1. Can you name every residue in region 37-67 that is out of contact with any Pro (no Cβ under 9 Å at 6 or more places or on another chain) and crowded, with 20+ Cβ neighbours inside 10 Å?
2. Scanning region 273-291 for residues that are charged (D, E, K, R) and under 16 Å from Q238 (Cβ atoms), which turns out modelled with the lowest pLDDT?
3. Being touching a residue at least 24 places away in the same chain (Cβ under 8 Å), more than 19 Å from G86 (Cα to Cα) and in a helix (DSSP H, G or I) is the filter here, so list the residues in region 21-68 that pass it.
4. For region 67-82, which positions are closer than 20 Å to T196 by Cα and either more than 14 Å from the chain's Cα centre (by Cα) or at pLDDT below 95 (or both)?
5. Checking M134 against (1) under 19 Å from the mean Cα position of the chain (by Cα); (2) of a type in the set (A, V, I, L, M, F, W, C); (3) assigned to a helix (DSSP H, G or I), which test does it fail?
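The values are calculated or read from the model by the stated rules, or taken from the named source; none is laboratory data. Quantities reported herein were computed from a predicted structural model and do not represent experimental measurements. Here the Cβ positions follow ideal geometry from the backbone for every residue, glycine too, while neighbour counts run over all protein chains shown.
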Amino acid sequence: MKPTVFIQTNDRQYLGAKISAHSYRRNASEPHSFDVRILHTRDFPRLGDGDQTYVRGGHAVRWIPEDLQSFTPLRFAPPKLMGYEGLALVTDPDVFAVSDVGEAFRRDLGGKAICAVERPGRKRRPGYVASSVMLLDCAKLRHWDLDVQLEDLFAHRFDYFDWMHLRLEGGDTIGLLEPEWNDFDRLTAATKLLHTTRRRTQPWKSGLPIDYDDQVRGLRGMLTRLRPRYGRHPDSNQEALIFSLLAELVDSGEVTREELRSEMAANHIRHDSAELIDRYRGWDVRLALAA
């Protein structure tokens, strides 16, 4: 079985997932050496049930199928989908390849089941291993069965954050990737996978109403409610990258003008997207970063 990139998504992030999928193929030296699959929440009925609760940060909260990030449990689906064999790279829909993902599939995992980037702690919060980008040796992850894991999640048998931060895994099964393989809102000449992880400033959402529930108490939650619109990303190069990729999809017909209009009408992408596509058509990230 070919190595496969799995991108999880839902309706709100589907166009982002298509842009992400295109980025992996167009920046690969051997694009036919791996597959790219988009996993959509609609194909996993349990994630569409809003009459469920789960434990998140020690508190029981309601599962919201329409939330911007309702796709996150799909991070754990690929090993079973791969028949528990081969390599998989699982990513969020707001992760975009800047260089050749084949480098990841050719690397030595050192016997580890999972390789991912470690996020350092800050503001008295502990560090954790980020599951938003994971290189997986599927044969070593036979205990990952999403149906069983969702049953346990909604039965309150573990905390969502422990699951997402890979604390349920044995520490000796996890290896570390260099930060460039999950570059959080940082685009440099060394970046391999750009992750536009700050939801409030996702470049294709600027100006739109906030469409997620932070489920965060205190000051941060209050600020979200007081400023209920997406802001502009502070790095214009990241905006340019996203819309240059989208321009290629529109020009090839993989994203139609009708689809673009529909996504804008649904507030899934900013309303000036057509103008930004024209502005950034042909933009080259490497030339921009070298300037």
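1. Scanning region 37-67 gives Y54, W63.
2. This residue is R286.
3. H22, S23, R26, T41, R42, R46, L47
4. Taking region 67-82 as the starting set, the residues that turn out to be closer than 20 Å to T196 by Cα are 67-75.
The answer is D67, L68, Q69.
5. Every listed condition holds for M134 apart from (3).
Let's see how each residue does on (1) more than 28 Å from S244 (Cβ to Cβ); (2) in contact with a Leu (Cβ under 7 Å, 6 or more places away or on another chain); (3) crowded, with 17+ Cβ neighbours inside 10 Å:
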site	(1), (2), (3)
L89	no, yes, yes
F96	no, yes, yes
S99	no, no, yes
A104	no, yes, yes
G110	yes, no, no
A116	no, yes, yes
G121	yes, no, no
P126	yes, no, no
